[in-house]
Structure formats: C-alpha cells, structure tokens
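The values are calculated or read from the model by the stated rules, or taken from the named source; none is laboratory data. Everything quoted here is computed from the prediction, not taken from an experiment. Heads up, the Cβs are rebuilt from the backbone with ideal geometry, glycines too, and the neighbour counts pull from every protein chain shown. Side chains included, ligands, DNA and RNA excluded: accessible areas come from the protein's heavy atoms. Shrake-Rupley method; radii C 1.70, N 1.55, O 1.52, S 1.80 Å.
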Amino acid sequence: MERVLILGGGVGGTLVANLISRKLKKRIDAGDVSVTVVDEFGEHVYQPGFMYIAMGNQKPGSLRKPERRLLDKRIELIIGAVRRIDEAASTVHLADGSALKYDELILATGSRILPETIEYFEQEAHHFYSEAAAQRLREALDAFEGGKVVVGIASMPYKCPPAPLEVSFLIEAELRERGLRDKSEIHFCSPIARAFTIESVSEMAAPELEKKGIELHTFFNVEAIDPERKVVLSLEGEELPYDLLVLVPPHKGAQVLMDSGLAPEPGGWLPTDHHTLNVGDRPNVWALGDATDLPLSKAGSTAHFEAPVVAERVVARIEGREPDARDGIYTGKVMCFFEIGDGKGTLLRFDYEHPPKPPTPSRLWHVGKIFFNKTYYQIVPKGRGGSIEKRL
C-alpha cells in the first residue's frame, strides 16, 4: 500500500488531500493507497476572516468548521500533535506516542505567531492574527476616542502581506465615519524602503496613504516597545508615540520542522523548490502554504494554487509516470483581494514572472472579497468549482 501522509489541516493540507483522493479514488477503494491528514485540533479556521472580526464585520466563532466535514470520506483524519518526523524511518511520531508510516509526505504545517518574543507586545500592542486578538482589537477600537494610531510590522515574513495596509485604510475609514478623524493621527510603518514589498502594489498604495492622511514611515523595523512612555522604537533609531498600537507579530515556521532538521533556524521555513514544491532534494516530501521559504505571499490563495501541483506530482509518483508538464509545475501564481476602505478594494494577481497590476480600486473588488469570504467553505477546501481565478 502507498501511504500519503499530510501534516496540517489548513487550506493547503485540506485541499491537497481532497484533490489526491479524487484522483486516486479507485486505488483508495481497492486498498492500494491510503490518504491521511493529521491536524492538531481537527478544526479548520478561515484565518483571513480575523481582520473582519477586528473591524466589526465578522462574528467570532463563525470562521470555524470541523475538519472532518471538509474532507472526502476516503481520507482518514487523525487529530493530534506531531512531535517528531523521522526521515530515516519514514515515520511521523505523534504526542500520544503513536507513529505513522509514510511513502509520500506533504507538509502543510503553516506558520506560528510569536508576540511574546517582543517584550511588552502582549501588554501594549494589538493584532488580528488570532480570533481572540482580533476581538481585543475590536474592543480597543470601540473604546478609542482619538489620538495616535500606529500600525506596524514586527518582522518579516508574515501571513497575508497586504493585511497591515488594509487595516490602516479600514481604521482610517472607521474613524472618519465616527467623527474622530480630526482628533486622530494614523501612522503606517514599513520595514522596507516603500509601503509594500512589491513595487507595483506600493505604487498603488502610497498615493492612497497620502490621500487619506496616513503618514508612511519607511525603514521602520520594530525593535522594542516602551510602555511607560507609550512609544514604539525601531532598529533604525526612530521612536513613535502611540495611543493605539497595532503590530503584526513575529512569525516562524512549525517548531517540529526545525526539531526534525527539515527547516533551518532562525525562521523555520522549509527550503522548497520553486516549481516542484519538493522540500530540498527529497523526491517524496513536499511543502505548500505558509510553511515554505518561497519568495511569495504567505496566504491561503498561495496554497490554493500550490495544492493542485503537489497533488499532481504525488499522484504521478504513485502511478509511476511523469507529472503533467503543465499541472505539475508551480509558476508562483498568487491572487488576493486588497481592501482600501470606504467599501472599495482592488485585486493582486501575479506569479514569478509577472508582477501584479492592481486595477483601479472600486466597489467591485470589495464585493468580490466579501463574496469569497462567504463562499470559502463551499468552494476552496473541497476543491469545488475550479480555480478561484476562473470565478473572477
């Protein structure tokens, strides 16, 4: 029997499992192949929705579904924490002492947020990278009556690169609606030389920041927070006072990948082939989603486009053939919506060779994002309806 083992039940792990099961259903039914997903909590969370909890447009608890309901019936789901990956024995060890053998291993372990690595972060700063933190930010915004708002990025890379800019725009729009804009300053801090990592997106975002009166601070890499003086300090020596501090927390890859020697320190990101998505030179190990070290957005849409490639390559190995020349090559395709406030948005669509050319912000793209958020569970994890790109 060929054993396909997938670690992680996020968008990448769930989608790739369903695609493989669909392609190999006859072999699975015959007992020649098994597909197993291991997820620590057995719950699938739509993380992009956290930002909308923070902005008051999404109810807490509405973003979670049982992983079992999203997986094809042919797929085994094991709920448990992975403690060690033994490559020599092709075995994954779980926290309960059990061990799982594999022939093909897919790593969709995501990324971790580590706010505790910056002193006073959890005491002073808000973020929207967990449901609980997003709720606290919403409460802080409700209580805010004017002052200095600072939005920044504690370290790179991080999940959903447009999100800090989006939140800046959305907070600015909310303060205007509440009559607090004249009583407030908004500062956006970028750790690089421009507002966004991709130049063409920065060229779209920078004029919007200026038009909305959001002050841009470049080369602002967060080093420390001084709670007594209420200032955030950068590695470059700049200080910014705040009344409301919103920071993207530091991110790392899964600890088990570092402990198992698959992902190097300090970040813990898997060295991933840009086109095959193999991990290093391992022919039977793949990575997708946030876990990789690819020079792309750590976002669900990235995993969405990577999953069919991994599925095709795994199935090709099991069937003893070469991967399809088109379906088995990842071109770096990513697509995501970008909110700019006032009920408007734009779209970022790009790959390794073609940078995004964001269309003029309009209500169309904002509505598109809301529609996608509402239909995510019906479309994406189960691999229904084809590519999200074809739906736009």
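Using only DSSP helix segments of four residues or longer, with each worth -39500 (n - 2.57), what per-residue ellipticity at 222 nm results for the chain after dividing by its residue count and rounding to 500?
On the way: 11 runs with 114 residues, N = 392.
Taken over the chain, the calculation gives -8500 deg cm²/dmol.
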How big is the accessible area of Met335 in square angstrom, nearest 10, if you roll a 1.4 angstrom probe over the protein chains? 10 Å²
Kindly report the accessible area of the chain per residue (heavy atoms of protein chains, probe 1.4 Å, no ligands, DNA or RNA), in Å². 43 Å²
Note: probe point = Cα of Ala81 + 7 Å toward Cβ; backbone nitrogen < 19 Å; residues of the stretch 96-126 passing the test are 96-100, 108-117
If amide H atoms are built 1.01 Å from N in the plane of the peptide, which residues on other chains or at least 5 residues away come under 5 Å of the amide H of Gln58? Ile53
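In terms of solvent-accessible area of protein heavy atoms at a 1.4 angstrom probe, what is the ranking of Arg178, Arg313, highest value first?
Values: Arg178 90, Arg313 45 Å².
Result, largest first: Arg178, Arg313.
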Under a point spin-label approximation (7 Å from Cα along Cα-to-Cβ), what is the Asp182-Phe371 distance to one decimal in nm? 3.9 nm
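Need the full-extension length gain, Thr331 to Asp259, defined as separation in residues times 0.36 nm minus the C-alpha distance. One decimal, nm.
On the way: separation 72, 0.36 × 72 = 25.92 nm, distance 3.01 nm.
In short, 22.9 nm is gained.
Could you work out the relative contact order of the stretch 202-298? I mean the mean sequence separation of Cα pairs under 8 Å and 6+ apart, divided by the number of residues, in percent. Could the numbers behind the result be given before it?
Values: 103 pairs, mean separation 12.7, N = 97.
RCO, the stretch 202-298: 13 percent.
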Around Val35, with a cut-off of 12 angstrom between Cβ atoms, what is the net charge of the other residues, counting Lys and Arg +1 and Asp and Glu -1? 0
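Once you list every other residue whose beta carbon is under 11 Å from the beta carbon of Leu247, what net charge do they have if Lys and Arg are +1 and Asp and Glu are -1?
Details: positive: none; negative: Glu122, Glu124.
The answer is -2.
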Cα centroids of the stretch 255-285 and the stretch 325-363: how far apart, whole angstrom? 26 Å
For the stretch 63-100 and the stretch 117-143, what is the separation of their C-alpha centers, rounded to whole Å? 31 Å
By accessible area (1.4 Å), largest first, Cys336, Cys189 order as Cys336, Cys189
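Take every Cα pair under 8 Å in the stretch 267-317 that's 6+ residues apart, average their separations, divide by the length, and report that relative contact order as a whole percent. Before the final figure, lay out the partial values.
On the way: 57 pairs, mean separation 16.3, N = 51.
Over the stretch 267-317, the number comes to 32 percent.
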Probe 1.4 Å, all protein chains in place: accessible area of Leu257 in Å², nearest 10? 0 Å²
Per residue Cα convex hull volume in Å³ - calculated over the stretch 12-138: 126 Å³
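Hey, what did the stretch 1-108 get for relative contact order, percent, Cα under 8 Å, at least 6 apart?
Numbers: 196 pairs, mean separation 38.9, N = 108.
Computed over the stretch 1-108, the figure is 36 percent.
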Using a 1.4 Å probe, how large is the accessible area of Trp365, given in Å² and rounded to the nearest 10? 40 Å²
Ranking His127, His274 from most to least accessible area with a 1.4 Å probe gives His274, His127
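Less than 15 Å Cβ to Cβ from Tyr46, Lys/Arg counted +1 and Asp/Glu -1: what total charge do the surrounding residues give?
On the way: positive: Lys59, Arg64, Lys65, Arg69, Lys159, Lys369, Lys374, Lys382; negative: Asp39, Glu43, Glu67, Glu131, Asp290.
Combined, the nearby Lys, Arg, Asp and Glu give +3.
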Select from Val256, Val334, Val310 the residue whose mean-square fluctuation is largest in a Gaussian network model of the chain (Cα-Cα springs shorter than 10 Å). Val256
Rounded to whole Hz, the Karplus (6.51, -1.76, 1.60) HN-Hα couplings of the stretch 103-116, x for glycine and proline: 9, 10, 10, 10, 9, 10, 8, x, 9, 10, 9, 10, x, 5
